[in-house]
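Working notes, beginning with the structure itself.
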Amino acid sequence: MIATRLAVVLCTALLASFAVPATAWNRLQATQFATLPAGTAHPEGIIVDARGNFYVADFDVSGNTRVGTVVVFDHSGRWLRTLQINNGSPLLLGIAFNPATGDLLVCDLGKSQVLKVDPQSGASTVFAPIPGGGGPNALAFDADGNVYISDSFQSTIWRTPKTGGAPDAWVVDPLLGTTGVPPFGANGLAFNGNASSLFVANTGNDTIVRIPLSDGGTPGKPEVFVNSINGPTASSSILTTTCGWRRTSPMKSSSSIRPDASSPSSVISTASIARVHRSGCYFRQVS
């Protein structure tokens, strides 16, 4: 009898440990931060420098400009300057500072290149030409400053050293391509907290793809980590932290999340916000 009661108590305690109330992430009302100046439109990539200034890459499909533009705002949303990227196309996407070098890099979809841009003058040089008429979209960096570039049109993640140059095809896989709509495959990308995986948003397939890494940084076989989240996109919007086992409730048919100690607890995209809470054991979408 004592053994039975002890077993009941232990089981109750175990179940209670899974019933910890979740602290939900609640979205506050959106407010306008800044207005793009005349002659620019369609903001895409965004990054913040060490002083709190915002750099916004312009994906101008309207024909307002013939060269690339990056608009700079201060921390309060006040316009500071507009950088004219004279050897870039108007179709700029991902933008980021390399934490190892401080270089400002911008993906130029229209000319299949990544540019290194002076954040004050806008003077630029080609940091990495993307072969095959590719579609450079977003950027990520490892601890050594190596640069990872998603290619939306060639099912590829390219890699260059921190100094740039001709990129290597680091991973090529069908999971990074798409036949869907819009016709953009590999898009935003980010490493998780311990750099054991690189996560890639595939916009056309509505998936997040996980690329596992060995201790030496060698990529493994890509796999679908999350699906059916309505077109994940931006790299700078992907938030990753390490966590352990998580359960999920259905978000949409075929939605899934893999329990993996090295995978992110939160994945956020501009098209939707899909969150997996570490303690709450849930998966939801905020549209």
- Message: If you average the C-alpha positions of the stretch 149-185 and of the stretch 62-126 separately, how far apart do those two centres end up, in angstrom?
- Response: 20
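Under the 0.36 nm per residue contour assumption, what length would be gained going from the current alpha-carbon distance of SER121 and SER228 to full extension?
On the way: separation 107, 0.36 × 107 = 38.52 nm, distance 4.17 nm.
Between SER121 and SER228, full extension yields 34.4 nm more.
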- Query: If amide H atoms are built 1.01 Å from N in the plane of the peptide, which residues on other chains or at least 5 residues away come under 5 Å of the amide H of GLY204?
  - Reply: PHE184, GLY185
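At a 1.4 Å probe radius, which order do TRP79, TRP158 fall into by accessible area, largest first? Don't skip to the answer; put the middle values down first.
On the way: TRP79 125, TRP158 25 Å².
So, going from the largest accessible area down, we get TRP79, TRP158.
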- Per residue solvent-accessible surface (Å²) - the stretch 18-140, probe of 1.4 Å: 50
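The values are calculated or read from the model by the stated rules, or taken from the named source; none is laboratory data. On a predicted model such as this, the values are computed, not experimentally measured, just so you know. The accessibility values were calculated without ligands, DNA or RNA, using every heavy atom of the protein model including side chains. Shrake-Rupley method; radii C 1.70, N 1.55, O 1.52, S 1.80 Å.
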